[in-house]
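Below: the structure, in structure tokens.
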Amino acid sequence: MMAAFRDGLRRAADRTVGMMGRRRYFQILLGTRYRWYLRPLQLGLMACCLGLCVAIVWSIGQTALGYQDVWRMSAELEQVLQQDQQLMAEAAQEGIDLSERALQQLPAEVALANRLLEKRLFSWTAFLAGLEQAIPPRLALTSVRLESGGFLVHLTGSAASLEDLTAFTIGLQDHPKFKDPVLAQHRVGTSGLVEFDVTVRYRREGA
């Protein structure tokens, strides 16, 4: 009995040594094990990677569009510069000064031309004729001053009484050539006459 048991142990030991000699081991693959609690983390990482890829593609597209805008504006600026140079050359041929100093003086020259044109178009004859029709007998004007191209008139003078001054303002209001008379001030002078300042708007022909 003991001899048979020893023979069995010897044969088992020999098989074990033989298997170790041939390097056959048990292999445990932990990667094939399913872990359900890691699934949300995997999905989150995949979503983050996908969002990052989309953001990179969108940034590249925006950069390309920005470069296109820059190139387009550069081309337009180059075209404007060429037109400016052509205009300067044509102006030089015509004897027109388009320098910076001349352009700075241009607004003053335009304003002067407008004033001269307004004076040329203003009819003193029609203005004085209309004003004479609105002046009552016992009132005299000492000065007439025009402003705003002849649309605003400042009148100073003296009247025999306040009734005459009132009749004068009413006459201006009723006259077709004048409107909105305003009595700025009035006072009784040393001579007993009522001195006054009146502002009225003049309706010019064609205005």
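Overview of values
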quantity: DSSP-assigned coil residues among chymotrypsin sites (Phe, Trp or Tyr not before Pro) in segment 131-186, each with at most 16 further Cβ atoms within 10 Å; calculated: F151
quantity: Magnitude of the charge dipole, segment 123-202, Cβ model with Lys/Arg +1 and Asp/Glu -1, debye to 20; calculated: 120
quantity: Inter-probe distance in nm under a simple model that places probes 7 Å from Cα toward Cβ, at S143 and I170; calculated: 2.9
quantity: For a label point 7 Å along the Cα-to-beta-carbon line of D197, residues of segment 126-144 with backbone N under 17 Å; calculated: 141-144
quantity: Leading residue at positive end of dipole, segment 123-202 (Cβ point charges), from A126, V200, A140; calculated: A126
quantity: V70, V144, V200 arranged by Cβ crowding within 10 Å, fewest neighbours leading; calculated: V70, V144, V200
quantity: Pairwise FRET efficiency - A75 versus C49, Cβ, R0 = 30 Å, nearest 0.05; calculated: 0.15
quantity: Chain lengthening between A160 and V188 when straightened (0.36 nm per residue, less Cα-Cα); calculated: 9.1 nm
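No lab work stands behind these numbers, since they all come straight from the coordinates. Keep in mind that what you see is a predicted model, and the values were worked out from it rather than measured. Virtual Cβ from ideal backbone geometry, glycine too; neighbours counted across all protein chains shown.
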